[in-house]
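Worksheet for the structure shown next.
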Amino acid sequence: MIFVNVMIEGATHTWCVAKKDVDHESLLNALNYACGAGANCKPIQPKAECYYPNTAQSHASYAFDSYYHINNQADGSCDFGGTATLVQSDPSYRGCRYPSTF
């Protein structure tokens, strides 16, 4: 498996989120991997600040970004078998704050 770290030119902040066109099963597998490999998944547990919307897309995005930042944005830390991508727009919402690169 080859991992490629995409550098977004001129970006001061980046977030790792789930791609929109990924099938549900692949997204769940990647989400489970991220949570099992050290991502902080407490905020996406029931009644936590990032639980809603209660979708695999939303939960995977939070877990992917947590893993990405816990691993200091290392090469390959935002891939998850092709289910993730880097973005420049903060995916945080309401009371749910995503980590960011500074």
- Message: Residue by residue through the range 37-54, what is 3J(HN,Hα) from phi via Karplus (6.51 cos²θ - 1.76 cosθ + 1.60, θ = phi - 60°)? Round to whole Hz and write x for glycine and proline.
- Response: 9, x, 5, 7, 9, 4, x, 9, 7, x, 6, 8, 5, 10, 5, 9, x, 7
- What percent does the relative contact order of the chain come to when contacts are Cα pairs within less than 8 Å and at least six residues apart? 43
- Message: Sort 27-40, 84-97 by packing, meaning the average of other beta carbons within 10 Å per residue, with the highest value first.
- Response: 27-40, 84-97
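For the chain, what does -39500 (n - 2.57) per DSSP helix run (n ≥ 4), summed and divided by total residues, give at 222 nm, in deg cm²/dmol to the nearest 500?
-9000 deg cm²/dmol
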- Message: With θ taken as phi - 60° and the coefficients 6.51, -1.76 and 1.60, list the Karplus ³J(HN,Hα) couplings across the range 59-71 in order, rounded to whole Hz; mark glycine and proline as x.
- Response: 5, 5, 4, 5, 5, 4, 5, 4, 4, 4, 7, 4, 9
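We did not get these values from a lab; they are worked out from the coordinates using the rules stated. Computed from a predicted model, the values in this text were never measured in an experiment. Positions of Cβ are generated from backbone atoms using ideal geometry, with glycine treated the same way; all protein chains shown enter the neighbour counts.
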